[in-house]
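Throughout, read-outs are computed from the coordinates displayed, never taken from laboratory work. Since this is a predicted model, take the numbers as computed values, not measurements. Using ideal geometry, Cβ is built from the backbone for each residue, glycine included, and neighbour counts are taken over all protein chains shown.
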């Protein structure tokens, strides 16, 4: 199925049915064509008749997989691309380098670049056998790890490029995200019982109710102090 990147401006006409229960809606472009827009995410700042600009991947049949929605009616944006975490690539790269180093070291023992005559005859044989096993066993692991590292690196680059493309699109449209509202620091209205009653608490010897130190009568049972 052919895929192309698309930037499209239009109006949200109706929410569409999604078998996975994710975000899906019909977008009408300036020429009256309807496009089925969908995303793995379940939420976005949208309402019927909102004017939006979308960035996504176009499929056949007027289907668009959303990467980004700029809501011009509400001056909001929703980034819908899946974040590619750098740690997966970093961990994969580190393990690939370690396994490569072990494999090369074992190979050098095996081909005699690192002499085994430093050991006894028996130890030399054991080192040779161990090196042979390591070279054989680690080779498929080595290949798999470097393939994974390459795949993670490619996804990370694609994610970075997509983010840059969206940033350029926003710059061309002159859109700047509204600043986050700074909530005033409101002191808690919940106070301790000691603060409410005006000092260190004492207790009624008759009913056990908690009373302020200046109390003359118990507010619960009416006993006199």
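By how many nm would the segment from residue 172 to residue 113 lengthen if fully extended, with 0.36 nm per residue of separation less the alpha-carbon distance?
15.2 nm
Please list, in order, the residues from the stretch 28-69 whose amide nitrogen is less than 16 Å from a point placed 7 Å along the Cα→Cβ vector of residue 5.
Backbone N within reach: 54-59, 65-69.
Where a ≥ b ≥ c are the square roots of the eigenvalues of the C-alpha gyration tensor, would you call the stretch 55-106 rounded, which needs a/c under 1.5, or, failing that, prolate if a/b is larger than b/c, or oblate?
Oblate is the answer for the stretch 55-106, as a/c is 1.5 or above yet b/c matches or exceeds a/b.
At 0.36 nm per residue, and after removing the present C-alpha to C-alpha distance, how many nm does the segment from residue 14 to residue 45 gain when stretched out fully?
Taking residue 14 through residue 45 to full extension adds about 9.8 nm, to one decimal.
Taking 0.36 nm per residue of sequence separation and subtracting the Cα-Cα distance, how much length would be gained by fully extending the chain between residue 87 and residue 31, in nm to one decimal?
15.7 nm
Within the stretch 136-176, which residues have the backbone N less than 18 Å from the label spot 7 Å out from residue 79 along Cα→beta-carbon, could you tell me?
Within reach of a label on residue 79, which here means backbone N under 18 Å from a point 7 Å along Cα→Cβ, the stretch 136-176 contributes 155-176.
For a quick check: sort 159, 131 by the number of other beta carbons within 10 angstrom, fewest at the front.
159, 131
Classify the stretch 4-79 as rounded, prolate or oblate from the Cα gyration tensor: take a ≥ b ≥ c as the square roots of its eigenvalues, call it rounded if a/c is under 1.5, otherwise prolate when a/b beats b/c and oblate if not.
Verdict is rounded for the stretch 4-79.
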